[in-house]
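Report on one structure; see the data block that follows.
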Amino acid sequence: YGEHWRKMRRIMTVPFFTNKVVQQYRAGWEDEAGRVVEDVRKNPEAATTGIVLRRRLQLMMYNNMYRIMFDRRFESEEDPLFVKLKALNGERSRLAQSFEY
C-alpha cells in the first residue's frame, strides 16, 4: 500500500468508525438492519422464489449515512431524493473510474 492509500484510509475511517461514533449511531444502524429483515419477512416471494437484496441493502446504507449527516432517513426506494442521490453517486463513480491515480 502506498501513501495515497494510507491517507484515504485515515480520511474515510477515522471520522465514522471511532468507538465513540460507532456507539453513538449503533441504534440507528440496528434499526435499519431490522427494517431490512422486516421488509424481507413481509415479502411473500422471499420464502418461495427468492428476492434480490441489493437495492434494499443499498437503501439501508444510504439511510445509515443520511442519518449520520442529516438525522433523517429515506422511507423507500422510490423517494425522489434517494433516486436523485443514487443517480449522482453513479455519475460520481463513473467519473472517478475514468481518472488514473
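The values are calculated or read from the model by the stated rules, or taken from the named source; none is laboratory data. None of the values given here were measured: they were computed from a predicted structure. Please note: Cβ atoms are built from the backbone with ideal geometry, for glycine as well, and neighbour counts cover all protein chains shown.
Determine the pairs where a residue that is at pLDDT 90 or above, located within the stretch 83-101, has a partner that is of a type in the set (Ser, Thr, Tyr) and in a helix (DSSP H, G or I) with Cβ atoms under 8 Å apart, the partner being 6 or more residues away or on another chain.
Between residues of the stretch 83-101 that are at pLDDT 90 or above and residues that are of a type in the set (Ser, Thr, Tyr) and in a helix (DSSP H, G or I), the close pairs are Leu85/Tyr62; Lys86/Tyr62.
Given the chain, what helices (runs of 4 or more DSSP H) lie entirely inside it while holding 3 or more residues that are surrounded by 11 or more Cβ atoms within 10 Å (Cβ to Cβ)?
Working: elements: 3-13, 19-42, 54-70, 80-97.
Of the helices (runs of 4 or more DSSP H) lying wholly inside the chain, those with at least 3 residues that are surrounded by 11 or more Cβ atoms within 10 Å (Cβ to Cβ) span 19-42, 54-70, 80-97.
Go through the stretch 8-20 and report how many residues are modelled with pLDDT under 80 and either over 17 Å from the mean Cα position of the chain (by Cα) or closer than 16 Å to Asn63 by Cα (or both). It would help to see each step written out before you state the result.
Residues of the stretch 8-20 modelled with pLDDT under 80: 8-18.
From what is left, the residues that are either over 17 Å from the mean Cα position of the chain (by Cα) or closer than 16 Å to Asn63 by Cα (or both) are 8-11, 14, 16, 18.
So the count comes out to 7.
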